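Let me begin by presenting the structure, written as structure tokens, before commenting on it.
The values are calculated or read from the model by the stated rules, or taken from the named source; none is laboratory data. Quantities reported herein were computed from a predicted structural model and do not represent experimental measurements. So basically every Cβ, Gly included, is an ideal-geometry build from the backbone, and we count neighbours across all protein chains shown.
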Amino acid sequence: MESNKYTNGCNRIVRDTCVKIDLSAMAGNIKNIKEMAGESVDVMAVIKADGYGHGSCSIAPALMEHGASYLGVATLSEALELRNTYSDYPIFILGHTPDRLLDLVVEKNITQTVFSLAQAEKLSEIAKKSGRSAKIHIKVDTGFHRLGTESVDEIVNICSLPNLDVEGIFSHLALAGDRENQLQYEKFTKIISQAESRGCSFRYKHIADSIACVDYPQYHMNMVRPGALLYGLKGYHKGSIDVRQALSFVSRISQIHDIPEGEGAGYDFIWKAPQDTRIATIPFGYADGYPRNMNKGGYVTIRGVKCPVIGIICMDQCMVDLTGLPDAEEGDLVIIYGDGSNNTMSIDEAAKIAQTNKNEIVSRISARPPRVYINI
Ligand SMILES: *Cc1c(COP(=O)(O)O)cnc(C)c1O
């Protein structure tokens with residue numbers, strides 16, 4: 001176990017509820033992604049939202065050493081956290097950075113998404129003052145209507161600014177359907193060629209996230225931006241790739257109670273014992289990022305047996321039904337999310353039960369449960 005920001009300055013695991021990250025799974029996943037992408041395509045590993053809950057600083061080396069050549073994050077705050085740990089890794093901010101903070105982007109040598117001339121001028125001006133060059137990728141709006149410009153004039157003007165290294169150009173697919181994707185891609189390539197014919201040049205061109213990476217190899221261009229895939233979360237439909245879920249979420253039983261038939265347990269006594277029932281209290285709750293609506297259909301796995309969550313999930317604890325597991329003991333290992341084998345709930349199944357997607361299930365796991373890195 002390595003000491004990290006989740007270990008509270010202590011090199012012991014200070015809680016029974018913790019998140020285990022298999023770094024060899026992460027390394028294998030990025031290797032396979034890089035192999036799929038091929039020699040001529042760079043992989044930007046998307047580790048925003050603290051590496052989808054996996055701990056961005058702790059997973060970055062495994063990714064950079066096994067195939068990634070860029071690290072993508074959503075915000076300046078995330079970029080700075082990585083930069084404080086890694087002075088040399090190329091770091092890219094996929095989102096907007098407010099003008100008042102652009103000096104930090106330049107000072108810390110971080111590559112910034114730019115979608116307007118005004119923003120580019122500001123960066124150029126800051127870079128000029130400090131005798132540097134600011135690295136940017138221009139974001140093109142091809143239909144998602146989140147961030148990006150559609151104006152070739154604006155792109156050409158950005159390219160002509162001093163002290164600005166326009167390293168790349170990119171867009172993002174809405175994944176609304178094959179036809180919609182194709183239209184977005186064509187709009188993107190048309191804008192690129194118009195800009196190139198007017199003197200712009202871009203080292204990196206990219207539009208593919210995890211799903212596009214696997215399902216639409218024709219959109220790889222010369223860089224891909226997988227997030228979910230790195231963690232072994234499979235959202236694709238047509239293609240396939242060998243990736244393995246890296247995260248599991250575990251705990252241990254704090255206490256066991258025998259509840260007589262008809263008696264309630266937990267807030268509001270929402271649950272009442274339908275018969276004499278043994279229940280276990282487990283020290284994880286919604287403040288650890290476990291969805292509150294898991295009380296409908298949610299379960300944990302103890303000694304290979306599925307134990308349904310009962311009653312209302314509390315902030316720090318929840319209760320499960322031990323019917324079918326008469327020999328369970330306090331201190332027993334509890335699998336909250338596993339890989340789906342041995343009756344455990346995979347991230348995929350958790351997303352279905354909580355009526356959300358896999359990325360939300362992992363990225364919402366809060367900072368409170370310590371991260372434990374295995375197979376380093
Ligand atoms: C989050 C994000 C990605 C990665 O998305 P996944 O679906 O997890 O692969 C890629 N590009 C952009 C712009 C993003 O915001």
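Below is a table of values for the structure above.
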| read-out | value |
| --- | --- |
| Helices (runs of 4 or more DSSP H) wholly inside region 50-112 that include at least 1 residues being within 14 Å of the chain's Cα centre (by Cα) | 56-65, 76-85 |
| So Thr277, is it of a type in the set (S, T, N, Q), in the same structural domain as Glu65 (by TED's automatic domain parsing) and more than 19 Å from the chain's Cα centre (by Cα) | no |
| Scope region 265-286; condition over 22 Å from Asp332 (Cα atoms) and either among the basic types (Lys, Arg) or surrounded by 14 or more Cβ atoms within 10 Å (Cβ to Cβ) (or both); matching residues | Trp271, Lys272, Ala273 |
| Sole residue being under 22 Å from Val362 (Cα atoms), away from the ligand (no atom under 14 Å from the Cβ) and among the aliphatic types (A, V, I, L, M), chosen from Val214, Val250 | Val250 |
| From Val372, Val300, residue being buried (at least 17 other Cβ atoms within 10 Å of the Cβ), within 28 Å of Gly55 (Cα to Cα), of a type outside the set (D, E, K, R) and under 19 Å from the mean Cα position of the chain (by Cα) | Val372 |
| Qualifying residue in region 281-295 (condition: in contact with a helix residue (DSSP H, G or I) (Cβ under 7 Å, 6 or more places away or on another chain), closer than 29 Å to Arg12 by Cβ, in a loop (DSSP other than H, G, I, E, B) and without any contact (Cβ under 8 Å) to a residue 40 or more places away in the chain) | no |
| Condition broken by Ala176, with the remaining ones in (1) buried (at least 19 other Cβ atoms within 10 Å of the Cβ); (2) touching a helix residue (DSSP H, G or I) at 6+ places or on another chain (Cβ under 9 Å) satisfied | (1) |
| Selection from region 181-201 of residues that are among the small types (Gly, Ala, Ser) and part of a loop (DSSP other than H, G, I, E, B) | Gly199, Ser201 |
| Which listed residue, of Phe144, Phe92, is modelled with pLDDT of 95 or more, of a type outside the set (Val, Ile, Thr), closer than 30 Å to Asn375 by Cβ and within 13 Å of the ligand (Cβ to nearest atom) | Phe92 |
| Among the residues listed as Asn343, Asn359, the single one being outside any strand (DSSP E or B), in the same structural domain as Ala287 (by TED's automatic domain parsing) and surrounded by fewer than 17 Cβ atoms within 10 Å (Cβ to Cβ) | Asn343 |
| Condition broken by Ile310, with the remaining ones in (1) touching a residue at least 60 places away in the same chain (Cβ under 8 Å); (2) buried (at least 18 other Cβ atoms within 10 Å of the Cβ); (3) closer than 22 Å to Pro291 by Cβ satisfied | (1) |
| Among residues of region 119-161, those that are out of contact with any Lys or Arg (no Cβ under 6 Å at 6 or more places or on another chain) and in a loop (DSSP other than H, G, I, E, B), counted | 13 |
| Candidate set: region 217-228, residues that are in a helix (DSSP H, G or I) and farther than 11 Å from Ala37 by Cβ; chosen: the one farthest from the ligand (Cβ to nearest atom) | Gln218 |
| Pairs, first over 28 Å from Leu173 (Cβ atoms) and of a type in the set (A, V, I, L, M) in region 91-113, second in a helix (DSSP H, G or I) and more than 16 Å from the ligand (Cβ to nearest atom), C-beta under 8 Å, six or more apart | Leu104/Leu80; Val106/Leu123; Val106/Ile126; Val106/Ala127 |
| Filtered residue count, region 35-49, keeping only those that are within 20 Å of Leu94 (Cβ to Cβ) and either more than 14 Å from the ligand (Cβ to nearest atom) or assigned to a helix (DSSP H, G or I) (or both) | 4 |
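Matching residues to (1) at negative phi; (2) in the same structural domain as Leu123 (by TED's automatic domain parsing); (3) hydrophobic (A, V, I, L, M, F, W, C):
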{"position": "His145", "(1), (2), (3)": "no, yes, no"}
{"position": "Val152", "(1), (2), (3)": "yes, yes, yes"}
{"position": "Pro162", "(1), (2), (3)": "yes, yes, no"}
{"position": "Val166", "(1), (2), (3)": "yes, yes, yes"}
{"position": "Gly177", "(1), (2), (3)": "no, yes, no"}
{"position": "Gln182", "(1), (2), (3)": "yes, yes, no"}
{"position": "Phe188", "(1), (2), (3)": "yes, yes, yes"}
{"position": "Cys200", "(1), (2), (3)": "yes, yes, yes"}
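Residue by residue, here is whether (1) under 20 Å from Arg225 (Cβ atoms); (2) free of Cβ contacts under 8 Å to residues at least 24 places away in the same chain; (3) touching a Ser or Thr at 6+ places or on another chain (Cβ under 8 Å); (4) of a type outside the set (D, E, K, R) holds:
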residue	(1), (2), (3), (4)
Thr7	no, no, no, yes
Val14	no, no, yes, yes
Val19	no, no, yes, yes
Ala27	yes, no, no, yes
Ile30	yes, no, no, yes
Ile33	yes, no, no, yes
Val43	yes, no, yes, yes
Asp50	yes, no, yes, no
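Yes/no matrix, rows are residues, columns are (1) charged (D, E, K, R); (2) within 17 Å of Tyr204 (Cβ to Cβ); (3) surrounded by fewer than 22 Cβ atoms within 10 Å (Cβ to Cβ):
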residue: Gly53; (1), (2), (3): no, no, no
residue: Asp88; (1), (2), (3): yes, no, yes
residue: Asn109; (1), (2), (3): no, yes, yes
residue: Ile126; (1), (2), (3): no, no, yes
residue: Ser133; (1), (2), (3): no, yes, yes
